[in-house]
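Novice: Following this message is one structure expressed as structure tokens.
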Amino acid sequence: MNSIFKNMDQHPAYGKLQKAALAPFDLTASGALSLKRLALYRCQVASFKLLYGTQRIDEQSLDLLQGLADQSATVAQFKMMKKGEAMNRITGFASENRQVLHTAGRDLFSAPPHNHEATKQARQELDKLQTFLADLDSNRITNHLGEPFNNLISIGIGGSDLGPRAVYLALKSFAKENRQVHFISNIDPDDSAAVLKDLDLSRTLVSVVSKSGTTLETLTNEELVKQAFLKAGLDPKNHFVAVTGANSPMDDQDKYLRSFLMFDYICGRYSVSSMVGGLLLSFAIGFKNYKKFLEGANRIDDAAEEKDIRKNLPLLLAMLGIWNRNFLNYDTLTILPYSQALVRFVAHLQQCDMESNGKSINRQGGQIKYHSGPVIWGEPGTNGQHSFYQLLHQGTTIVPSEFIGFRQSQYGKDLVVDQTSSQEKLVANLLAQTIALASGEKSANPNRNFSGNRPCSVLLADQLTPETMGELLAIYENKIAFQGFVWNINSFDQEGVQLGKTLANRLLDIIANKPGESPIEQALLKNADIVKHT
Ligand code: G6Q
């Protein structure tokens with residue numbers, strides 16, 4: 001066991017934070033949200049500013065959180081991860097026992113890389129990708145009629161879908177003319193039917209993305225889409241590319257137009273900056289823009305090595321999250337992007353965070369006696385304001401919120417109505433919400449009383465671009481890893497997901513061996529026990 005992997009409650013700062021949490025900073029007190037406070041509690045890293053004066057912290061609690069971050073050796077563990085220590089393991093028990101090197105795929109800009117071998121492998125795949133894209137751009141690769149491909153269907157699920165889809169939607173305004181990406185993930189046949197319905201398959205590439213090459217949904221959907229190509233008289237071999245792990249059942253160059261590798265040491269939910277995101281993103285926004293995205297992520301990976309939490313934005317976000325989760329005892333966290341382009345980003349973070357930190361045992365296999373990851377949820381503002389914000393303002397459950405906003409829109413197509421542009425209205429709404437949640441509003445009418453002290457913070461940048469998207473992604477990936485280090489849990493395995501995959505396959509075996517015997521529900525009821533115990 002690595003001696004720095006200690007439970008959070010073993011650190012001296014833990015008890016002190018518990019005491020400090022008995023009287024957290026009162027955001028509703030008169031003058032509490034002073035300009036001085038708002039100016040003091042800001043942290044700028046790369047293009048993002050974190051405004052956190054609306055959290056229930058003060059100098060004492062921040063110093064204690066710094067103590068907890070230091071005692072947990074958060075930055076040392078982060079560096080170990082980047083260098084290639086096997087951070088994905090549970091000591092003394094059968095576990096994945098792997099390195100965690102998603103950062104290596106973007107460690108291309110600051111020499112020397114933290115892990116030479118992994119960065120070298122990433123470069124090789126990037127070079128292959130660049131050649132493939134150049135072949136597409138210059139019409140060296142076309143369909144059988146010599147026409148260029150302008151659609152790409154990405155088939156994948158979970159980590160092989162959520163992050164790449166979220167980032168594609170976020171950067172769609174940067175997409176090349178006539179290049180569109182479509183996604184099929186669900187085993188529900190309507191998912192593929194809806195995508196295939198209006199597409200000209202002859203101008204369509206299909207990227208099948210599966211690290212294991214064994215995922216039921218992905219393999220089934222691959223077959224389904226293949227049939228559609230055959231039915232249209234098209235040879236799938238001229239349209240299908242694969243992104244998969246080396247030696248997986250899908251790692252078969254003969255079956256695909258091109259094959260790209262993702263590596264064992266990259267977990268699905270951290271794979272946006274590998275070929276999993278790389279292929280479809282660079283198809284859409286171009287290789288140059290994709291590199292800018294990687295550059296943004298790398299900038300944050302570098303900045304996250306700073307030990308001072310007041311200067312390390314991802315670490316600060318992580319420690320504020322721990323303050324809210326473990327010391328103020330809030331169960332959920334809402335992430336509220338004021339950007340329509342980030343419409344699926346919260347779904348990605350939900351997976352990245354909850355699959356990583358939804359754990360109950362430590363890295364030595366023992367039960368932890370404190371909470372780990374909160375429930376993550378959210379929707380873009382201002383839409384959410386007309387929906388669940390009622391609960392945020394007046395509900396009995398206090399939900400900390402992380403707002404994300406940009407000063408400028410992506411398309412720049414805006415109109416001044418009543419002296420303000422839509423973008424100004426958007427940002428004004430965001431800031432107004434944070435003040436209202438934090439300071440509340442007193443009224444003699446209980447129905448119109450807002451208790452306040454609902455902690456929140458704002459991540460603010462100029463514009464959502466490939467660079468800032470890369471930064472934003474890495475801020476959250478690193479935040480999640482830092483929290484896992486403090487909680488002493490393994491943020492990089494997903495036994496809960498594996499269980500579901502195994503049970504579904506067993507049940508399907510049972511159903512397949514007794515064809516026509518009974519409807520699926522009855523088979524499930526009859527066989528629940530067998531499924532569990534075979
Ligand atoms: C992510 C998880 C999980 C995984 C999917 C798809 O970290 O492991 O969401 O990405 O189950 O797995 P494959 O890429 O192997 O098809």
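Novice: From the set of residues in segment 269-293 that are among the small types (Gly, Ala, Ser) and part of a helix (DSSP H, G or I), which is nearest to the ligand (Cβ to nearest atom)?
Specialist: Checked segment 269-293; the qualifying residue nearest to the ligand (Cβ to nearest atom) is Gly277.
Novice: Another question, then. Could you please tell me which pairs satisfy a Cβ distance under 6 Å, a separation of 6+ or placement on different chains, a first residue in segment 161-180 that is within 18 Å of Leu133 (Cα to Cα), and a second residue that is among the acidic types (Asp, Glu) and surrounded by fewer than 24 Cβ atoms within 10 Å (Cβ to Cβ)?
Specialist: That search, which allows pairs on different chains as well, returns nothing.
Novice: Tally time: how many residues in segment 420-437 are in contact with a His (Cβ under 7 Å, 6 or more places away or on another chain) and surrounded by fewer than 16 Cβ atoms within 10 Å (Cβ to Cβ)?
Specialist: 0
Novice: Yes or no: segment 148-159 includes at least one residue that is touching a Gly at 6+ places or on another chain (Cβ under 6 Å) and within 16 Å of the ligand (Cβ to nearest atom).
Specialist: Looking through segment 148-159, at least one residue is touching a Gly at 6+ places or on another chain (Cβ under 6 Å) and within 16 Å of the ligand (Cβ to nearest atom).
Novice: Among the residues of segment 395-422, write down those that are under 27 Å from the mean Cα position of the chain (by Cα), of a type in the set (A, V, I, L, M) and more than 30 Å from Val375 (Cβ to Cβ).
Specialist: Passing the criteria: none in range.
Novice: Pairs please, first residue from segment 296-309 and surrounded by fewer than 16 Cβ atoms within 10 Å (Cβ to Cβ), second anywhere and among the small types (Gly, Ala, Ser), Cβ atoms under 6 Å, 6+ apart in sequence or on different chains.
Specialist: Sorted first by the residue in segment 296-309, then by its partner, the list stays empty.
Novice: Within segment 166-182, count every residue that is crowded, with 24+ Cβ neighbours inside 10 Å and touching a Lys or Arg at 6+ places or on another chain (Cβ under 6 Å).
Specialist: Result for segment 166-182: 1.
Novice: Can you pull out every residue in segment 13-45 that is touching a Gly at 6+ places or on another chain (Cβ under 7 Å) and closer than 21 Å to Thr74 by Cα?
Specialist: Matches in segment 13-45: Ala13 only.
Novice: With the structure loaded, tell me whether Asp161 is modelled with pLDDT of 95 or more and closer than 17 Å to Tyr270 by Cα or whether it fails that test.
Specialist: yes
Novice: Of Glu471, Glu521, Glu517, Glu467, which residue is acidic (Asp, Glu), at pLDDT 95 or above, farther than 30 Å from Asp58 by Cβ and more than 16 Å from the ligand (Cβ to nearest atom)?
Specialist: Exactly one residue qualifies, and that residue is Glu467.
Novice: Pull up segment 199-257, narrow it to residues that are more than 9 Å from the ligand (Cβ to nearest atom), part of a helix (DSSP H, G or I) and hydroxyl-bearing (Ser, Thr, Tyr), then point me to the one that is surrounded by the fewest Cβ atoms within 10 Å (Cβ to Cβ).
Specialist: Here the residue is Thr220.
Novice: Leu65 - would you say it is buried (at least 22 other Cβ atoms within 10 Å of the Cβ), out of contact with any Asp or Glu (no Cβ under 9 Å at 6 or more places or on another chain) and more than 19 Å from Phe260 (Cα to Cα)?
Specialist: yes
Novice: Is it true that Ile398 is more than 18 Å from Leu473 (Cβ to Cβ), of a type in the set (A, V, I, L, M, F, W, C) and either part of a loop (DSSP other than H, G, I, E, B) or in contact with an Asp or Glu (Cβ under 9 Å, 6 or more places away or on another chain) (or both)?
Specialist: Yes: the conditions hold for Ile398.
The values are calculated or read from the model by the stated rules, or taken from the named source; none is laboratory data. What you see is a predicted model, and the numbers here were worked out from it, not measured in a lab. Note that we place each Cβ from the backbone using ideal geometry, even for glycine, and neighbour counts take in every protein chain shown.
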